[in-house]
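Here is the structure we will look at.
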Amino acid sequence: MPTNKIKLSAKTKVKIALLETKPWEKKFFNKALRGFELKYFKEPIGPGNLAAVKDCLVISTFIASKMTADVIGQLPNLRLIATRSTGFDHVDLAACKNKNIVVCNVPFYGENTVAEHAFALILTLSRNIHKSYLRTTRGDYTIEGLKGFDLRGKTLGVVGAGHIGLHLVKMGRGFDMKVLAYDLNPNDFQADVLGFKYVSLEELLKNSDVISLHVPDNPATHHLINKNNIMLIKRGAILINTARGGVVETEALIEALDKKILAGAGLDVLEGENLVMEEKQLAFNKKTAEEMLTLAKDHILFSRDNVIFTPHIAFYSQEAIERIMEVTAGNIKSYLETKVKNVVKL
């Protein structure tokens, strides 16, 4: 039960602001949140719309909306932040706690979705699919330099064996791969059932042919892969990151590629990214696409043919989008009925 419980009379018109919205979201929320006063904004929260949301009891955001202590301090009526994402690092939880504001997220929506994308990156690198495609677009059908490698019998290292990581474990086992996992909360029952082994991070790095990251970016995991340990990686391995850019130190990644410690990398996220909006954004408009192209051209990683980059779309499937919207609407309605759920705690 939220400690900032409110009393709503039959005549109360609850005002809800939904930021960073797309047309199909507006159609969905108009139906799902019928009876409430809804305000839609295409942009993240900022000077241009802050005044317009001051009277809102509920604000729903993606991660592009930085809900800082300063912003929160300018929203006297705010009682609930319903982020349409799993991540919540864009919300100052301490400031919310001080203001008695509840924060809800979408804890599960795309476990299989993200895992499938990660495995797509694995297959693309292992069989040089991206190189082959680019070559054929130039009318070149030679196969020199396109030799791939089988996944069968190779070792898959899964860093973070949570909901997403376990889906990837199943996929790896389906390809007859050996699987090692590193997680702070090992589940021996799952390991027995799925046929994988928990090891230390150091052992995983040393023995994995494919390493896939599935952890959040927080003080404990920031630069989890760094200059001090990336050189432990088995020479010729490939690294997949569909988690958070900050989990990998970019300079360490570039050095490992330069020294051929890593044979390749499949990245859906970049450290310090400010254009790609993870669950944060459910579509990419023309302006964003142009900015992403500029970023891709300017970034040193993109000059390499053994690096694949996708613009934070691992979450981006029709089914996952629907789940995000459904859970968000449920979070808002549950809160207003004083049955708060999916609360993020400091």
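All of the numbers you see were taken from the coordinates with simple rules; none came from a lab. Not measured: the values here are computed from a predicted model. Because the Cβ atoms are built from the backbone with ideal geometry, glycine has one as well, and the counts that use them run over all protein chains shown.
A few remarks follow.
- Rounded to the nearest 20, the size of the Cβ-charge dipole of segment 171-243 about its Cα centre is 300 debye, with Lys and Arg at +1 and Asp and Glu at -1.
- Listed residues Leu267, Leu166, Leu232, most fluctuating in the chain (Gaussian network, C-alpha, under 10 Å): Leu232
- Footprinting exposure proxy for Arg304, Arg34, Arg235 (fewest neighbouring C-beta atoms within 10 Å first): Arg34, Arg235, Arg304
- Full extension of the chain between Leu146 and Arg127 yields a length gain of 6.1 nm, computed as 0.36 nm times the residue separation minus the alpha carbon distance.
- Peptides ranked, highest mean first, by Cβ atoms within 10 Å: ranges 318-330, 56-68, 190-202, 72-84: 56-68, 72-84, 318-330, 190-202
- Here the extension length gained between Arg138 and Gln74 equals 17.5 nm, from 0.36 nm per residue of separation less the Cα-Cα distance.
- Here the Karplus relation 6.51 cos²θ - 1.76 cosθ + 1.60, evaluated at θ = phi - 60°, turns the backbone of segment 226-239 into coupling constants of 9, 4, 7, 10, 5, 6, 6, 4, 4, 4, x, 6, 10, 10 Hz, with x for every Gly and Pro.
- Per residue of the chain, the DSSP helices (runs of n ≥ 4 H) give a summed -39500 (n - 2.57) that works out to -9500 deg cm²/dmol at 222 nm.
- Table column - 3J(HN,Hα) (Hz), segment 147-158, Karplus curve with 6.51, -1.76, 1.60, x for Gly and Pro: 5, x, 9, 6, 7, 4, x, 7, 9, 9, x, 10
- Extreme residue, positive dipole direction of segment 111-316, given options Phe309, Leu270, Gly153 (C-beta unit charges): Gly153
- Within a Gaussian network of the chain (alpha carbon springs, distance under 10 Å), most fluctuating of Lys13, Lys333, Lys26: Lys13
- The value obtained for segment 26-164, namely the Cα convex hull volume divided by the number of residues, is 193 Å³ per residue.
- Label-reachable residues, segment 36-59, where backbone N falls under 20 Å from a point 7 Å from Asn100's Cα toward its Cβ: 54-59
- By the count of neighbouring beta-carbon atoms within 10 Å, fewest first, Asp92, Asp55 end up ordered Asp55, Asp92.
- In segment 111-316, the alpha-carbon atoms span a convex hull of 121 Å³ per residue.
- For Ala237, the residues whose amide H sits under 5 Å from its own are Ala263, ignoring neighbours fewer than 5 places away on the same chain, with H placed 1.01 Å from N.
- For segment 204-213, 3J(HN,Hα) per residue [Karplus equation, 6.51 cos²θ - 1.76 cosθ + 1.60, θ = phi - 60°, Hz, x = Gly/Pro]: 4, 5, 6, 10, 9, 7, 10, 10, 10, 9
- The stretch between Ile254 and Asn30 holds 76.0 nm of extra length on full extension. This uses 0.36 nm per residue minus the Cα-Cα distance.
- Ratio Rg/Rh, restricted to the chain and using Cα atoms, in which Rh is the Kirkwood radius: 1.01
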